[in-house]
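The values are calculated or read from the model by the stated rules, or taken from the named source; none is laboratory data. In this text, all values refer to a predicted model and were calculated from it rather than measured experimentally. Neighbour counts run over all protein chains shown; Cβ positions are idealised from the backbone, glycine included.
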């Protein structure tokens, strides 16, 4: 094994140690804060006790860590450079002719690999656990009477009534106000889960506290049919619930997002926030690389000039500015003011180019 190879292996190990330390520390702090938030919002519920709060927070934690991963790499890289500087290893490596790119190569490669791992393996697991945490929280702390979901066959909706419940299926849903549904079918059940009636219609509109079905056919429990020009079915659903309150993007696996987007588009539902989340996941490894480059830019600069504290401060400030810019672009993408790919990839690309430019300037003078 050559000296250069051993050095890269050592640098990669040290980088991973600091990233791992930052991950463990951030995980602990995030768990404490999340448990406090869950406890505060549910302290007046009958099922409130430590076990339920801890279990909900533990299931939510992987999703939370997935979201703050770029900051973990920012803080971990800052610690890595601080250790290299304090032990004079950074100065020795630079004095021996090691370029900044040779010094950073192991860390950048590890960042890309870890970013891909989180995108393809961690995120599917975290999305499943997040969905389970929401279901567990609702079962323990809330009574959820209405259920709304979307499948490859269109919109499915279940709503409880004073006499039982009904299930509505529609082949398509508009995102306009009022909500319009195509070819709806409503099956009404009594409190004993017995089918009471079946209604099919050509179209329907979500009115004020009712579904207005047009040109409908009503079939009762004894299979007698009748034609109705208009039928009104009471509902508590509102327009924003139909359009906005489907599955949260974070509760959908990376591998299922494309299919979910296709199904939603076929049903006429807006998909901007899902497309935005998909491209954010794709762009996250690059954003993590950008955070490493930001920390390296200020770490290398102040290793020479002696301004150690200011280097850390500038790294953190620049990292938070990048985060604010990324959130701003995310909002523009979700509102369809920018295309989701452009909104998701721009922050990482710009920050990476800035970091590379500053490092090239510092390396080559």
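A few notes on this one:
- Condition check for residue 185: under 34 Å from the mean Cα position of the chain (by Cα) and assigned by TED's automatic domain parsing to the domain that holds residue 223: yes
- From the options 254, 260, 318, residue that is closer than 25 Å to residue 114 by Cα, modelled with pLDDT of 70 or more and not assigned by TED's automatic domain parsing to the domain that holds residue 69: 254
- Scanning segment 188-215 for residues that are without any contact (Cβ under 8 Å) to a residue 24 or more places away in the chain, surrounded by 16 or more Cβ atoms within 10 Å (Cβ to Cβ) and either in a loop (DSSP other than H, G, I, E, B) or more than 37 Å from the chain's Cα centre (by Cα) (or both) yields 198, 200.
- Residue count for segment 337-349, restricted to those that are more than 15 Å from residue 280 (Cβ to Cβ) and at pLDDT 95 or above: 0
- When residues of segment 337-354 are limited to those that are free of Cβ contacts under 8 Å to residues at least 60 places away in the same chain, under 20 Å from the mean Cα position of the chain (by Cα) and part of a helix (DSSP H, G or I), the one surrounded by the fewest Cβ atoms within 10 Å (Cβ to Cβ): 342
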